[in-house]
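Novice: This is the structure, below, for whatever I ask next.
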Amino acid sequence: MAGKILHGPKKRAALLEMTSLGEFFFNQADRFGSHICQVDANINKSETYSSVKQRSVRLAIALRKKEITSKDVILCCSKNTIDNTIPILAALYLGAKVVNLDPTLGVRNSRHLVSLVCPTIIFVEDSSVGFIESSLEQTNLTPTIIVFGDSDEYEQFSELVRPQEDEEEFRPVKVDIHDTAVMFFSSGTTGLPKVICHSHYSFLQMLTIGQEYGYNYGSTLHFTTFYWISGMAILANTFMDGSARVFCDDVDGETILKIIQDYKLSAIFMAPVYTYKLTRAENLSKYDTSSLRYLLTGGTPISPEQTKRLNNLFENGEIIFGYGMTEVGRISSFYPETNKKLMKIKPSSCGQVAPETSVKIVDPGTEEVLGPNREGAIRVKSPSVMVGYYNLDSSQCFDSDGFLKTGDWGYYDEDKCLYVVGRLREMFKYKSWHIVPSAIEGVILEHPAVKEAVVIGIPREDDGEVPAACVVLKDGCVVTNEEIERFVVERVPDREKLRGGVAFATELPKTPTGKVIREEVQKSFLQLLK
């Protein structure tokens, strides 16, 4: 069957087309003044939009006195708090570029990331000052350090958000909306991390693509810091409709259910692997979660069995499995207004192509555009695509038609629903079969004793590579490798059997963003076989 390019629907109206991110946050905060903007569920502390605007304006004026302009990079390093939103908004008011570090990163990785962006100012939580100092060693960088909390050595954030004489007259600066506004570090799974740049325009396009097609999430709970694009997207989405961003530390499933109940949350964002905290929690019926309308997830496949458990847990809600990436934002999803029925009957799909977006599936060897149900490399074109990598030539990331090479492998069906089956670089061949590790990993994770699992290919003469698994068990669980192998055999096609065996580990090697480094797992596995 001939191939085609899938096109998402055209937007009904152009929203925020000529607005900068600074103007967007400033104007929306003014619009929703008395509404609750953000809630720290760890300490039950909240803040209104008016307060957020006032503090961010005061900080912007203080930064302007330090001669911060659109040429500068402002870096923030903090867990989620009421305060760490403020420098982001203040920097955007001035047209400066914003980038975030997660304080749980190792010093070696952080040193490399800081060197990539050369920040003028670093805002850091007091508990992570030593981490930032170590990360700056051997870099020849001397940024101004401003501390959330107490510090005898550095300027304190609290000093910079005091009243300013001209704060009532302050307005965000005018910028070129196609200039870089926010930056994110790539995962580094296939090489050194890069810095993904989004303009004011491209980032705001991400918001309008979802908002115009039925997704007004309302008050949303998340756990990711602003290091991740999901954290920034949730912040911006709440400003769209004046709802609250609720955040907390990584907690157990029962605590999450209590937070949903206490704050009457309408949405929650979490990675598929963390949804097991909810379905395995005790006392599920104890909490009223009827307010929840959306559970948003994506990034890795979620099994039909787990989707069913989640649907049973949140009877009034919808499990929305979307597909996206930091370089482009949303690529596909199910949209409530148009395809609720498809969402129910295609639980393994990540939906139809997003508005204003085009997707094609190609044979990476020949560049042939493939038809339905033929697997290939996923390419995407969208107004929300990144402007490029910071200080790097990004032309190799796009094909001759201007489509971004996602690095993902998948297909679409007759209903134009998209399926992502794995990463191109993670796949391997057993005999003539393409083996997708994530599909087997999803099966292994269904075992009640398994906490984490990664599947890799092990070379075996005429067979090419055979599947093998490295498994991390939950605390207190004892399982043999034979039991894991039998568990998988009963649930997968013959070609996906763990012919390479099963090994156990106490932890898996991961990148700073938490993605498993498969090359290291494979190397360790091969050492065990010697």
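Novice: Residues of the range 284-318 being free of Cβ contacts under 8 Å to residues at least 40 places away in the same chain, closer than 18 Å to residue 443 by Cα and in a loop (DSSP other than H, G, I, E, B), which ones?
Specialist: Within the range 284-318, just 299 meets the criteria.
Novice: Please specify each residue of the range 242-254 satisfying the condition of being of a type outside the set (A, V, I, L, M, F, W, C) and either in the same structural domain as residue 88 (by TED's automatic domain parsing) or not in a strand (DSSP E or B) (or both).
Specialist: 242, 243, 249, 250, 252, 253, 254
Novice: Counting only residues that are more than 22 Å from the chain's Cα centre (by Cα), outside the structural domain of residue 492 (by TED's automatic domain parsing) and of a type outside the set (D, E, K, R), give me the strands (runs of 3 or more DSSP E) lying completely in the range 395-448 with at least 3 of them. Step through it out loud before you land on a result.
Specialist: Working: elements: 404-412, 418-423, 428-430, 433-435.
Result: empty, no element qualifies.
Novice: For residues that are in contact with an Asp or Glu (Cβ under 6 Å, 6 or more places away or on another chain) and within 25 Å of residue 73 (Cα to Cα), tally how many sit in the range 361-410.
Specialist: Within the range 361-410, residues that are in contact with an Asp or Glu (Cβ under 6 Å, 6 or more places away or on another chain) and within 25 Å of residue 73 (Cα to Cα) number 2.
Novice: With the checklist (1) under 20 Å from residue 420 (Cβ atoms); (2) crowded, with 17+ Cβ neighbours inside 10 Å in hand, flag the one item residue 314 doesn't pass.
Specialist: Failed condition: (1).
Novice: Any idea how many residues of the range 93-119 are in a loop (DSSP other than H, G, I, E, B) and either among the β-branched types (Val, Ile, Thr) or modelled with pLDDT under 95 (or both)?
Specialist: We begin by selecting, within the range 93-119, every residue in a loop (DSSP other than H, G, I, E, B); these are 94-96, 102-106, 118-119.
From what's left, either among the β-branched types (Val, Ile, Thr) or modelled with pLDDT under 95 (or both): 102-106.
Looking only at that region, the number is 5.
Novice: Could I ask something else about it? Under 8 Å between Cβ atoms, which residue pairs at least 6 apart in sequence (or on different chains) link something in the range 41-56 that is free of Cβ contacts under 8 Å to residues at least 24 places away in the same chain with a partner that is assigned to a helix (DSSP H, G or I)?
Specialist: Here the result reads 50/29, each pair linking the range 41-56 to a residue that is assigned to a helix (DSSP H, G or I).
Novice: Select from the range 366-397 the residues that are more than 20 Å from residue 201 (Cα to Cα) and among the β-branched types (Val, Ile, Thr) and write down the one among them that is surrounded by the most Cβ atoms within 10 Å (Cβ to Cβ).
Specialist: Across the range 366-397, the extreme among qualifying residues is 378.
Novice: Quick test of your reading of the structure: residue 86 fulfils all but one of (1) in a loop (DSSP other than H, G, I, E, B); (2) touching a Leu at 6+ places or on another chain (Cβ under 8 Å). Name the failing condition by number.
Specialist: (1)
Novice: Still on this structure, please answer the following. Residues that are of a type in the set (A, V, I, L, M, F, W, C) and modelled with pLDDT under 95: which helices (runs of 4 or more DSSP H) entirely in the range 120-236 hold 3 or more of them?
Specialist: Fully inside the range 120-236 and qualifying: 200-211.
Novice: Among the residues in the range 326-347, are any modelled with pLDDT under 85, of a type outside the set (S, T, N, Q) and in a strand (DSSP E or B)? Full working, then the answer.
Specialist: The initial filter retains those residues of the range 326-347 that are modelled with pLDDT under 85, namely 334-347.
Narrowing the set further to residues that are of a type outside the set (S, T, N, Q) leaves 334-337, 340-347.
From what is left, the residues that are in a strand (DSSP E or B) are none.
Within the range 326-347 (the criterion being modelled with pLDDT under 85, of a type outside the set (S, T, N, Q) and in a strand (DSSP E or B)), the answer is no, since none of the residues qualifies.
Novice: Would you mind stating whether residue 275 is of a type in the set (Val, Ile, Thr) and closer than 28 Å to residue 203 by Cα?
Specialist: yes
Novice: Further question on the same structure: Looking at 485, 461, 465, 452, can you tell me which residue is on the phi > 0 side of the Ramachandran plot and surrounded by fewer than 21 Cβ atoms within 10 Å (Cβ to Cβ)?
Specialist: 461
Novice: Which of (1) at negative phi; (2) assigned to a loop (DSSP other than H, G, I, E, B) does residue 476 not meet, given it meets every other one?
Specialist: Status for residue 476: all satisfied but (1).
Novice: Here's something else I'd like to know. So, residue 239, is that one assigned to a loop (DSSP other than H, G, I, E, B), modelled with pLDDT of 90 or more and in contact with a helix residue (DSSP H, G or I) (Cβ under 8 Å, 6 or more places away or on another chain) or not?
Specialist: So residue 239 fails the test.
The values are calculated or read from the model by the stated rules, or taken from the named source; none is laboratory data. These numbers come from a predicted model, not from an experiment. Ideal geometry is used to build each Cβ from the backbone, glycine not excepted, and the neighbour counts take in all protein chains shown.
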